[in-house]
Structure formats: C-alpha cells, structure tokens
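Presented below is the structure to which this report refers.
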Amino acid sequence: MIEFQYNKTSLQQLDKNLKMRIQSLPTIKNKENALRIEVKKTKDDVEKLEAQLKEKIREFEYAIELFGEFDNSIIEVKNVHIETKKIAGTRIPFLKEIEYEIKEFSLFNSPKWWLDGIAQIKEIAGVGIKREIHIEKLSVLEYTRKKTTQKVNLFEKVQIPGYEEAIKKIKRFMEDEENLSKSAQKIVKLKKERNEE
C-alpha cells in the first residue's frame with residue numbers, strides 16, 4: 001500500500017519514485033537473468049564434481065585393502081585458500097588453492113605404493129573440497145537470485161502499478177478540485193452579474 005496525500009508535493013514525490021523504479025527495473029532484470037544463468041552453470045558444475053568424486057572413490061576402491069596398511073596421519077589438508085569474486089554484484093567463493101601437509105616417512109620402510117596413495121588421496125580430497133565450495137557458491141547464488149526475483153516482482157506487480165494508480169488518483173483529485181474551483185468562480189461571476197442587473 002502506497003501512502004500519499006492529495007497535493008502537488010506528494011505527486012512529485014510519487015512521480016520521482018515511479019521513474020526511479022522504472023529506470024532501475026531493466027538493471028535488476030539483467031541481474032536476475034545473469035544470476036539464473038550462473039545458478040544453472042553452478043548446478044551443472046556440482047553434478048559434474050559429484051560424479052567425478054564418485055568415480056575417484058570407485059577407482060580408489062581397488063586398493064582399499066592395501067589402505068589398511070596406510071598411515072592416514074601422513075597426509076592432511078593444511079589450508080584451503082578461498083577468494084571471493086563478484087558475479088552480478090554478489091560475492092561468491094572460489095577455490096584458489098589447497099595446501100596439503102605431508103609428514104616425513106621412510107621410503108625404504110614403507111610400501112612403494114604409498115606415494116601413489118598420497119597422490120590419490122590428494123585428488124579425492126581436492127575434488128571433495130572443490131565440490132563443497134561449489135555447493136556454498138550455489139547456495140549464495142540461489143539465495144541472491146531468489147531475493148532479486150522477489151524485487152523484480154515487487155517492482156513489476158506491486159510498486160510500479162501502485163505508484164501509477166496513486167498518481168492517477170492525485171491527478172483526478174486535483175482536476176476535480178480545479179473544475180470545482182472554476183465552477184464556483186462561474187457561479188460567483190453569474191451571481192455578481194445578476195446582482196448588478
């Protein structure tokens with residue numbers, strides 16, 4: 001519900017607000033469209049990463065029995081570097097780098113396949129971390145797209161029609177007031193002319 005008064009000041013304010021919304025609507029629609037495209041792309045990326053992670057785990061399963069001998073404390077994720085970039089005015093997380101810490105172990109006393117095992121664990125962890133960041137990115141994008149869609153709908157279906165209706169009402173009221181004033185002046189003029197006769 002748009003509040004207004006039946007005067008020129010209110011009319012000017014409503015007109016200014018209406019123009020601002022009409023001018024900004026295409027920009028907001030473009031943002032919504034860009035976010036919609038980015039959401040679709042990110043959903044596809046998440047699906048690809050999930051498939052890739054399942055594939056890596058499946059490839060890894062052949063050696064699962066060997067990994068009973070593997071010392072899990074040899075490798076761990078030390079740090080995940082994330083940077084943010086703006087997409088359609090929204091800050092989105094992106095994976096920059098994953099740092100692993102590999103503790104020293106004896107190459108002579110350990111099975112030869114441990115180096116391959118470390119490489120496989122890095123790959124699996126890398127894909128898993130990348131997937132988690134893409135899920136977070138998707139969440140941020142979907143939330144922002146939803147809010148942007150709500151704003152487009154608010155402008156298109158509520159505010160712009162509301163301002164237009166309020167402006168019409170004020171203009172009609174002012175025209176009626178002006179017509180009444182003119183009619184009153186004519187009546188006064190006619191009375192004056194009759195009185196003079």
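Of note:
- Accessible area of segment 1-106 belonging to carbon and sulfur atoms, whole % at 1.4 Å probe: 49
- Projecting the Cα positions of 46, 190, 148 onto the charge dipole of the chain (unit charges on Cβ atoms of Lys, Arg, Asp and Glu, taken about the Cα centre) puts 190 furthest along the positive direction.
- Distance (nanometres) between label positions extended 7 Å along Cα→Cβ at residue 2 and residue 189: 3.5
- In the complete set of protein chains, residue-level accessible area for residue 6 is approximately 110 Å², probe 1.4 angstrom.
- Amide H contacts under 5 Å for residue 87: 92, restricted to partners 5 or more places along the chain or on a different chain, H placed in the peptide plane at 1.01 Å from N.
- Over the chain, relative contact order from alpha-carbon pairs under 8 Å, at least 6 apart, %: 35
- Multiplying the residue separation of residue 158 and residue 51 by 0.36 nm and subtracting their alpha-carbon distance yields 34.2 nm.
- Cα-based shape type of segment 13-127, given that a ≥ b ≥ c are square roots of the gyration tensor eigenvalues and the cut on a/c is 1.5: prolate
- Distance between segment 80-97 and segment 167-184 - C-alpha centres, whole angstrom: 57
- Given the alternatives (i) 50, 31, 25; (ii) 130, 26, 20; (iii) 60, 36, 23, Cα extents along the principal axes in Å as computed for this entry is given by (ii).
- Probe 1.4 Å, protein heavy atoms only - accessible area per residue of the chain in square angstrom: 72
- A cut-off under 12 angstrom between Cβ atoms defines the neighbours of residue 98, and their net charge, with Lys, Arg +1 and Asp, Glu -1, is -2.
- If the segment from residue 182 to residue 73 were pulled out straight at 0.36 nm per residue, it would be longer than the present Cα-Cα gap by 29.9 nm.
- Taking 7 Å steps out from each Cα toward its Cβ at residue 124 and residue 10 produces label points 7.0 nm apart.
The values are calculated or read from the model by the stated rules, or taken from the named source; none is laboratory data. As the structure is a prediction and not an experimental result, all values here were calculated from the model. Quick reminder, even Gly has a Cβ in these numbers, built from the backbone with ideal geometry, and neighbours come from all protein chains shown. Please note that ligands, DNA and RNA were not included when accessible areas were found on the heavy atoms of the full protein model with its side chains. Shrake-Rupley method; radii C 1.70, N 1.55, O 1.52, S 1.80 Å.
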